[in-house]
1. So residue 78 passes all but one of these: (1) outside any helix (DSSP H, G or I); (2) free of Cβ contacts under 8 Å to residues at least 12 places away in the same chain. Which condition number does it fail?
2. Tell me, yes or no, whether the stretch 82-99 has at least one residue that is of a type outside the set (A, V, I, L, M), surrounded by fewer than 16 Cβ atoms within 10 Å (Cβ to Cβ) and touching a strand residue (DSSP E or B) at 6+ places or on another chain (Cβ under 8 Å).
3. When only residues in the stretch 18-64 that are among the small types (Gly, Ala, Ser) and surrounded by 15 or more Cβ atoms within 10 Å (Cβ to Cβ) count, which is farthest from residue 87 (Cα to Cα)?
4. Filter the stretch 1-46 for residues that are basic (Lys, Arg) and part of a helix (DSSP H, G or I); which is modelled with the lowest pLDDT?
5. Being at pLDDT 95 or above, among the aliphatic types (A, V, I, L, M) and over 22 Å from residue 15 (Cα atoms) is the filter here, so list the residues in the stretch 47-74 that pass it.
Amino acid sequence: MIIMDTKRTGNSAAAYLFGKTRLGLLELLFNHPNTSFYTNEIVRQVGTGTSAVQRELQCLTRAGIIAREEKGIFVLYRANKESPIYESLRSLVVTTGKAASEPVEKRE
């Protein structure tokens, strides 16, 4: 008999594999792989603190999982389609996380 604890936020396998901030980042970026996001947009969408988001962005960028692009004084982040684990990670996030069809808040 397999028993799953659903008390944790969300009941997907991804919720158990990743912390709240990392999961939120991966869901946002991998459900919208053709979109680049500013840090403040990511913070707003993920719903966690700025420091936590910045820490995860730095870690995931160093790992090559997400791509960082500087545009003047602004920095944009997106899923790194060149990563060797892109397809596997996207499949995990898309099938276990929030639906890709969920709308992203529009930029002001």
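1. Failed condition: (2).
2. Just the residues of the stretch 82-99 that are of a type outside the set (A, V, I, L, M), to begin with: 82-84, 86-88, 90-91, 95-98.
Then keep just the ones that are surrounded by fewer than 16 Cβ atoms within 10 Å (Cβ to Cβ); that gives 82, 84, 87-88, 91, 95.
Retained after the next criterion (residues that are touching a strand residue (DSSP E or B) at 6+ places or on another chain (Cβ under 8 Å)): 82.
Yes, the conditions are met somewhere in the stretch 82-99.
3. Taking the stretch 18-64 as the starting set, the residues that turn out to be among the small types (Gly, Ala, Ser) are 19, 24, 36, 47, 49, 51-52, 63-64.
Right, trim to surrounded by 15 or more Cβ atoms within 10 Å (Cβ to Cβ) and you get 24, 36, 52.
Details: 24: 18, 36: 18, 52: 25 Å.
Out of the qualifying residues, it is 52.
4. Out of the qualifying residues, it is 20.
5. 67
The values are calculated or read from the model by the stated rules, or taken from the named source; none is laboratory data. Only a predicted model underlies this, so the values are computations on that prediction, with no experimental measurement involved. Positions of Cβ are generated from backbone atoms using ideal geometry, with glycine treated the same way; all protein chains shown enter the neighbour counts.
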